[in-house]
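The values are calculated or read from the model by the stated rules, or taken from the named source; none is laboratory data. As the structure is a computational prediction, the values presented were derived from the model and not from experiment. Every residue, glycine among them, receives a Cβ derived from its backbone with ideal geometry; neighbour counts consider all protein chains shown. Protein only, heavy atoms only, side chains kept; ligands, DNA and RNA dropped before computing areas. Shrake-Rupley method; radii C 1.70, N 1.55, O 1.52, S 1.80 Å.
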Amino acid sequence: MENIRFGIVGSGYMAKLHSLALRNIGAYLWPKLPRIEMVRMADIVPQAAKEGAERWGWQSHTSDWKEVTRADDIDVVIIITPNDSHADIAIDAFAHGKHVFCEKPLSNTVAEAERMTEAAKASGKVNLVNFSYRTWPGIELARQLIREGELGDLLHFEGHFFQDYAADPSLPFSWRFNKPVSGGGAFGDIGSHIMDIACALMGPVESVTAKTRRLYEKRPVNGLDAKQVTVDDLTASLVQFSNGALGSVHASWAATGHKSDLSFSVTGTKGALSFSWERNNELHFFSADDPQRVGGFRRIMLGGIHPEADPFWYAQGQGLGYGEAFVVTARRAIEAVINANANAAPNFAQALHINRVIAGAFQAAEEDRWVKIKKTTAFD
């Protein structure tokens, strides 16, 4: 392919990250990739579409997303809109022969996520979800070590994603606090990332139980009026994986003092791993094969010799950051398009499972019980 032509639906914060990744990726991976064209940005607010396109380097703009999903001059559609619109946009894009790269979570409901996954399968097109943390070099290295048997049989996963931006009660109301639009609060938003990592490392979840808490019943609108919040600010869950391993997965966007604290540990019969995004250029690994008198967790400094890190700074310890994570997922999308690989990951089928687990956790919290999750082979 000589070029791959992108369109994007949405002009908000995530547009910055996706746009910068597309603009930079050719230089990082030259000369093996085709030329990347940023053809069109859509937003239902015309001025937002115009300003976003001009700022981030898109060739044109529109207020009608169908001028992206149905356009003859676009190959790949990026979706960064509120969660309740993902399904309509993605399904229309598949119906018109486009590959789709969608923000997480896949949708605001399981039913819509199922529709999206069925449409993706029927189309045969690339269908990726931007679980950018999962593709990070340290986490991909963890996945490889697990697959290679370095940890033995998996026993336990502990993970959380804590942020504190919503700990401020004066934070204005937005669509993320409205369950019909978002599908869930902290657990559906940032919690989907840590649950995705859990499943990528451990395999699918078989059952879940949870407790949720809403810290602020209302949020201000225009600095004056208050609007009802209908989502969780904090969810704590227990899970059992299909392989018999146990785990705990928690999320809060109102965890005071935690800025971007995505952390996890994995324990197996032969070893263990731990990772924290706030020290994201390190992975800690313990092997039971080490002599006991010198045994302990070793710190692995990430660099170009590790998976997904090779296009960046080669020396270990020089550091990669949040922006590079989006270059990694953009590369996955581009390579999947080049190779016509509709099974590239993180894909819709995997994201559907995450939607089901999150919905199961909310159901478990409401009914005070364990909830079974539909079986999947998506992580095989």
- Apportionment of accessible area to carbon and sulfur, the range 40-179, percent (1.4 Å): 49 percent
- Which net charge results for the neighbourhood of residue 242, defined as the other residues with beta-carbon distances under 14 angstrom from its beta-carbon, given Lys and Arg at +1 and Asp and Glu at -1? +1
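What ranking, highest mean first, results for peptides 55-61, 245-251 when packing means the other Cβ atoms within 10 Å averaged over each residue? Intermediate values should be presented prior to the final figure.
Details: 55-61: 17.1, 245-251: 22.6.
Highest mean packing first, the order is 245-251, 55-61.
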- Whole-Å distance, taken between Cα centres, linking the range 269-343 and the range 347-380: 27 Å
- Message: If you roll a 1.4 angstrom probe over the protein chains with everything in place, what fraction of the accessible area of the range 190-294 belongs to carbon and sulfur, to the nearest %?
- Response: 50 percent
- Find how much the distance from residue 287 to residue 2 grows on full extension, using 0.36 nm per residue of separation minus their present alpha carbon separation; answer in nm with one decimal. 98.0 nm
- Message: Using 0.36 nm times the number of residues separating residue 246 and residue 59, minus their current alpha carbon distance, what extension gain do you get?
- Response: 62.4 nm
- So in the chain, what percent of DSSP beta bridges are antiparallel if you round to the nearest 5? 60 percent
- Query: In square angstrom, what is the accessible area per residue of the range 31-146 with a 1.4 angstrom probe?
  - Reply: 38 Å²
- Item | Charge tally in the Cβ shell below 11 Å around residue 210, where Lys, Arg are +1 and Asp, Glu are -1, residue 210 excluded | -1
- Using a 1.4 angstrom probe with every protein chain in place, what is the largest-first accessible-area order of 109, 235? 109, 235
- Note on the structure: The answer for the net charge of residues other than residue 345 whose Cβ lies under 14 angstrom from its Cβ, with Lys and Arg +1 and Asp and Glu -1, is +1
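Could you give the accessible area per residue of the range 310-350, probe 1.4 Å, as a whole number in Å²? Walk me through the numbers on the way to the answer.
Values: 1670 Å² over 41 residues.
Counting only protein heavy atoms, the per-residue value for the range 310-350 is 41 Å².
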- Checking 28, 13, 165 against a Gaussian network model of the chain (alpha-carbon springs below 10 Å), the top fluctuating residue turns out to be 13
- Message: Could you work out how much longer the chain between residue 366 and residue 318 gets when fully extended? Use 0.36 nm per residue separation minus the Cα distance between them, nm to one decimal.
- Response: 12.6 nm
- For residue 294 and residue 66, FRET efficiency with R0 = 41 Å and r from the beta-carbon atoms, rounded to 0.05? 0.05
- If R0 is 22 Å, what FRET efficiency do you get for residue 215 and residue 174 from their C-beta distance, rounded to 0.05? 0.90
- Long pairs among 32/121; 227/259; 227/372; 104/211; 98/227, criterion Cα-Cα beyond 30 Å: 227/372; 98/227
- Query: Under the rule of -39500 (n - 2.57) per DSSP H run of 4 or more residues, summed and divided by the residues of the chain, what mean residue ellipticity at 222 nm is obtained, to the nearest 500 deg cm²/dmol?
  - Reply: -10000 deg cm²/dmol
